[in-house]
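Q: Starting off with a structure, shown below.
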Amino acid sequence: MSSAPVYDLSQPLATLLREGTKQAHTDAETSQGARLLLGGQLPKDEYVRFLMMLWYVYE
């Protein structure tokens, strides 16, 4: 079992957010879906599904 990360709360919030989400962003940016989307090869139904998921985020 891994322990919870320790954060230096004297750092600015932007720094904490950047460092705390770095791995998640790397994983998303290098995913197969991202490669297909950016390469213009994502099937239309998958693109529609992606947009539907974003709707919940930005609604």
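FYI, it's all coordinate maths here, none of it is from the lab. Keep in mind the model is a prediction, meaning the values are calculated, not measured. A quick note on method: Cβ atoms are made from the backbone with ideal geometry, for glycine too, and the neighbour counts reach across all protein chains shown.
Q: Going by amide H atoms built from the backbone, whose H comes under 5 Å of the H on Leu42, apart from near neighbours?
A: Leu37
Q: In whole Hz, with x marking every Gly and Pro, tabulate ³J(HN,Hα) for segment 45-59 from phi via Karplus 6.51 cos²θ - 1.76 cosθ + 1.60, θ = phi - 60°.
A: Coupling constants for segment 45-59: 5, 6, 5, 4, 4, 4, 5, 5, 5, 5, 4, 5, 6, 9, 5 Hz.
Q: Continuing with the same structure: Assuming 0.36 nm per residue, please report the length gained on full extension of the stretch Ser2 to Lys44 beyond their Cα-Cα distance.
A: 11.1 nm
Q: Turning to a different aspect of this structure: Per residue of segment 21-31, what does 6.51 cos²θ - 1.76 cosθ + 1.60 with θ = phi - 60° give for ³J(HN,Hα)? Whole Hz please, x for Gly and Pro, Karplus curve as stated.
A: Those phi angles translate into 10, 4, 5, 4, 5, 4, 4, 5, 5, 9, 6 Hz.
Q: Hey, if you drop one equal point scatterer on each alpha-carbon of segment 13-58 and run the Debye formula without solvent, what base-10 log of I(q)/I(0) do you get at q = 0.13, 0.16, 0.21 Å⁻¹?
A: Ignoring solvent entirely, the Cα scatterers give -0.40, -0.57, -0.82.
Q: Additional query: Which FRET efficiency, nearest 0.05, do Tyr56 and Glu19 yield, Cβ-Cβ r, R0 22 Å?
A: Taking R0 as 22 Å, the efficiency between Tyr56 and Glu19 is 0.25.
Q: Can you compute 3J(HN,Hα) from phi for each residue in segment 4-10, using the Karplus curve 6.51 cos²θ - 1.76 cosθ + 1.60 with θ = phi - 60°, rounded to whole Hz and x for Gly and Pro?
A: Per-residue couplings from phi come out as 5, x, 9, 10, 7, 6, 7 Hz.
Q: Per the helix-only calculation at 222 nm, which mean residue ellipticity applies to the chain, given -39500 (n - 2.57) for every DSSP H run of n ≥ 4 and division by its residues, nearest 500 deg cm²/dmol?
A: The helix contribution divided over the chain gives -21000 deg cm²/dmol.
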